[in-house]
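Novice: Structure incoming, see below.
The values are calculated or read from the model by the stated rules, or taken from the named source; none is laboratory data. None of these values were measured; they are calculated from a predicted model. FYI the Cβ positions are ideal-geometry reconstructions off the backbone, even for glycines, and counts take in every protein chain you see.
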Amino acid sequence: MRHQDNTKNRVEQKPNAALAAAVDEAARILKEGGLILYPTDTVWGIGCDATNEEAVQRIYTLKRSENKHSMLVLCPSADAIVRYVNRAPGIAFEVLEMATSPLTLILPGATGVAKNLIPDEGTLGVRVPDHEFCRLLLRKLGRPIVSTSANISGEKTPRTLPEIAPEIVEGVDYVVNPRFQGRPTGKASSIIAFGENGEVQVIRE
């Protein structure tokens, strides 16, 4: 059963305590194989433990799509990314370090994540979010988190929680309070794909 975050009603809680409570609850749900609806530095996303194949399948079912290319994972740092891609060229991390806006890297040699996240070419889309809630949750969980647009496949990507279809909201196990959304860009990240030998392809600017 979906659990709605009600911390906004607990006026006695300080913001830091409320944020910590939301992170704890989201991490608990993810560890149990659940799905969350959560804010990022771009748009709202559907998330799960990226190492849990059954949870990943639940997202595909909810979105009515098995498109592995629509699924990326969030990591807390570049150092964490290298645990889940083993053939990424150094230039990819140089580009990531220089990025001034949200950037997803498509990197070769996916490993250590759910098999049904990895497309036939063996790549993995990864991003380091500049977002307090996401950073705290990634640290608490200790594993990468799936991030995919909070919509039915083929429909418009919602930017804010009120824009998300009821079917999606009801299909997850926990909805993060929008008070923690910060200042998102409101648009999807740029995407750059890198080959093993440093080949570069801009997928989305």
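Novice: Can you find, within the stretch 54-97, the residue that is surrounded by the fewest Cβ atoms within 10 Å (Cβ to Cβ) among those that are touching a Ser or Thr at 6+ places or on another chain (Cβ under 8 Å) and outside any loop (DSSP other than H, G, I, E, B)?
Specialist: Here the residue is SER70.
Novice: Could you grab the pairs with beta carbons closer than 6 Å, sequence gap of 6+ or different chains, first residue in the stretch 44-63 and farther than 15 Å from PRO158 by Cβ, second one of a type in the set (Gly, Ala, Ser) and outside any loop (DSSP other than H, G, I, E, B)?
Specialist: CYS48/ALA55; ASP49/ALA55
Novice: OK, next. Inspect all residues belonging to the stretch 124-139 and state whether any of them is of a type in the set (Phe, Trp, Tyr), farther than 25 Å from PRO166 by Cβ and buried (at least 20 other Cβ atoms within 10 Å of the Cβ).
Specialist: Taking every residue of the stretch 124-139 in turn, none turns out to be of a type in the set (Phe, Trp, Tyr), farther than 25 Å from PRO166 by Cβ and buried (at least 20 other Cβ atoms within 10 Å of the Cβ).
Novice: Given THR51, THR104, THR40, which one is touching a Pro at 6+ places or on another chain (Cβ under 6 Å), modelled with pLDDT of 95 or more and not small (Gly, Ala, Ser)?
Specialist: Details: THR51 fails: touching a Pro at 6+ places or on another chain (Cβ under 6 Å); THR104 fails: touching a Pro at 6+ places or on another chain (Cβ under 6 Å).
Exactly one of THR51, THR104, THR40 is touching a Pro at 6+ places or on another chain (Cβ under 6 Å), modelled with pLDDT of 95 or more and not small (Gly, Ala, Ser), namely THR40.
Novice: Further question: Which residue pairs have Cβ atoms under 7 Å apart, sit 6 or more places apart or on different chains, and have a first residue in the stretch 152-163 that is touching a residue at least 40 places away in the same chain (Cβ under 8 Å) and a second that is part of a loop (DSSP other than H, G, I, E, B) and among the aromatic types (Phe, Trp, Tyr)?
Specialist: PRO158/TRP44; THR160/TRP44; LEU161/TRP44
Novice: Can you find even one residue in the stretch 115-127 that is under 24 Å from ALA26 (Cβ atoms), modelled with pLDDT of 95 or more and part of a loop (DSSP other than H, G, I, E, B)?
Specialist: No, the stretch 115-127 has no match at all.
Residue by residue, here is whether (1) hydroxyl-bearing (Ser, Thr, Tyr); (2) over 24 Å from THR61 (Cβ atoms) holds:
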| position | (1), (2) |
| --- | --- |
| ILE81 | no, yes |
| VAL85 | no, yes |
| ALA88 | no, yes |
| VAL95 | no, yes |
| THR100 | yes, yes |
| LEU105 | no, yes |
| GLY112 | no, no |
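Novice: Looking at the stretch 162-205 only, could you name the residues that are out of contact with any Leu (no Cβ under 6 Å at 6 or more places or on another chain), closer than 17 Å to VAL23 by Cβ and in a loop (DSSP other than H, G, I, E, B)?
Specialist: Those that are out of contact with any Leu (no Cβ under 6 Å at 6 or more places or on another chain), closer than 17 Å to VAL23 by Cβ and in a loop (DSSP other than H, G, I, E, B): VAL176, ASN177, GLN181, GLY182.
Novice: Further question: Assuming SER190 fulfils every condition listed in (1) crowded, with 16+ Cβ neighbours inside 10 Å; (2) touching a helix residue (DSSP H, G or I) at 6+ places or on another chain (Cβ under 9 Å) apart from one, which condition is it?
Specialist: Single failed check for SER190: (2).
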